[in-house]
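Everything below concerns the one structure shown next.
Quick note: the coordinates plus some simple rules give every number you see, no bench work behind them. Because the structure is predicted, anything quoted here is derived from the model rather than measured. Every residue, glycine as well, gets a Cβ built from its backbone with ideal geometry; the counts of neighbours run over all protein chains shown.
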Amino acid sequence: MKNRSLQYEDIFSGDLILVNEEYPLSPWKEDILPESRKRSEKLSFFPWQSHAPSFVAVKEQYPDILLQNKASTVLSHILQDIGGEQEIIPVSGYRSGEEQTKIWEDSIKENGEEFTRKYVALPGHSEHQTGLAIDLGLKKEVIDFIRPDFPYEGICQKFRETAPEYGFIERYERGKESVTKIAHEPWHFRYVGYPHSKIMKERGLSLEEYIEMLKEFPMEEEHYFYGNERGRQAEIFFVPVSQKEKAVLSIPEECLYQISGNNVDGCIITIWRREYV
């Protein structure tokens with residue numbers, strides 16, 4: 001076994017961080033200029049990391065629409081595999097705090113507060129500021145920036161059905177408004193990583209509900225297991241972490257593993273095994 005110490009700061013980074021009305025972006029973040037962005041705009045990141053997350057354009061034709069590198073790569077694979085590169089358009093990816101504030105204020109002026117609170121997150125509370133969320137639209141001459149058309153049919157539906165196999169989820173589904181505090185948004189997709197995306201889809205869970213579910217599988221007790229058709233199995237469990245007390249994680253040797261904070265109260269551990277145990 002190999003040991004890994006989890007610090008309080010680890011809570012606030014990773015593919016599964018929950019950013020919503022109740023849980024804002026980490027107060028630990030600071031702004032720097034990423035190498036991937038050529039203009040003088042700043043990018044939020046977590047300062048205890050050895051370097052800023054790598055952000056890249058989701059398409060060459062849209063150099064200002066960025067995602068974290070892994071999410072951007074996965075998105076490209078989905079679009080290629082479904083043949084949707086010419087029909088699905090990226091509308092909005094990473095936003096700085098300044099951009100989110102401007103979108104919020106402009107929408108208040110143009111659409112009113114009731115509409116804005118339904119479809120635009122408060123600055124500091126937007127998933128777009130993580131670089132893990134993307135708004136997509138069906139290619140048209142005119143595309144609504146706040147509410148792009150992404151119907152439940154054709155190539156858009158094919159993307160929606162395929163996305164969980166790769167790590168993306170439709171983040172704000174109909175019927176989850178009371179949980180997410182955001183209106184139904186068929187165009188907004190969030191990278192959470194596989195197999196978490198597949199589990200959420202199969203169980204009909206929002207990210208909020210999934211974060212709560214995983215707390216039922218703490219490190220010291222029974223873990224959650226998810227297998228795929230290739231004979232690999234993911235072992236998932238939750239480790240609470242606080243400012244007062246660090247946590248020590250024991251990982252089996254020669255196993256791939258991932259650690260993600262939940263931006264609430266701990267970390268989610270995913271261990272990949274070569275075969276079922």
Candidate values [x] 42, 23, 17; [y] 36, 26, 16; [z] 30, 22, 18, label of the one derived for semi-axes √(5λ) of the Cα gyration tensor in Å:
[z]
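Nothing charged except the Cβ atoms of Lys and Arg (+1) and of Asp and Glu (-1): what's the magnitude of the dipole of region 197-274 about its Cα centre? Round to the nearest 20 debye.
Result for region 197-274 is approximately 340 debye, rounded to the nearest 20.
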Contact order normalised by residue count of region 112-246, Cα under 8 Å, 6+ apart, percent:
19 percent
Over 5 Å intervals from 0, what percent of Cα-Cα pairs in region 79-161 sits in each interval?
3, 14, 21, 21, 18, 13, 8, 1, 0
Sort all Cα-Cα distances of region 177-224 into consecutive 10 angstrom bins from zero, then give the percent of pairs in each bin up to the one containing the longest distance.
21, 52, 21, 5
Where in region 192-277 are there GluC sites (Glu not before Pro) that are in a DSSP coil and have at most 13 other Cβ atoms within 10 angstrom of their Cβ?
216, 220, 221, 222, 229, 245, 253, 254, 275
Residues whose built amide H sits under 5 Å from the amide H of residue 131, excluding neighbours closer than 5 in sequence, are 95
From Cα pairs below 8 angstrom and at least 6 apart in sequence, can you work out the relative contact order of the chain, rounded to a whole percent?
24 percent
Between the DSSP loop rule and a limit of at most 12 other Cβ atoms within 10 Å, which chymotrypsin sites (Phe, Trp or Tyr not before Pro) in region 114-146 are left?
145
Where in the chain are the DSSP H helices whose alpha-carbon span along the long axis reaches 15 Å or more and whose Kyte-Doolittle mean is at least -0.5?
69-82
Quick check: net charge around residue 148, other residues with Cβ under 9 Å of its Cβ, Lys/Arg +1 and Asp/Glu -1?
-1
The ³J(HN,Hα) series, computed from each phi in region 115-120 with the Karplus coefficients 6.51, -1.76 and 1.60 at θ = phi - 60°, rounded to the nearest Hz and given as x for glycine or proline, is 4, 4, 5, 6, 10, 10
Percent relative contact order of region 148-223, based on C-alpha pairs within less than 8 angstrom and at least six residues apart?
28 percent
Out of region 134-182, which trypsin sites (Lys or Arg not before Pro) are coil in DSSP terms and have no more than 15 other C-beta atoms within 10 Å?
139, 140, 174
For region 84-143 and region 62-82, compute the distance between their C-alpha centroids and round to whole Å.
17 Å
Rounded to two decimal places and with Rh computed the Kirkwood way over Cα pairs, what is Rg over Rh for region 74-223?
0.98
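May I ask for the Kirkwood hydrodynamic radius of region 188-277, worked out over all distinct Cα pairs and given in angstroms to one decimal?
For region 188-277, inverting the mean 1/r across all distinct Cα pairs yields 13.9 Å.
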Looking at this model, which pairs from 70/181; 118/176; 59/139; 215/246; 70/246 are more than 21 angstrom apart at the alpha-carbon?
70/181; 70/246
Region 135-234: C-alpha gyration tensor shape, a/c 1.5 cut-off, then a/b vs b/c:
oblate
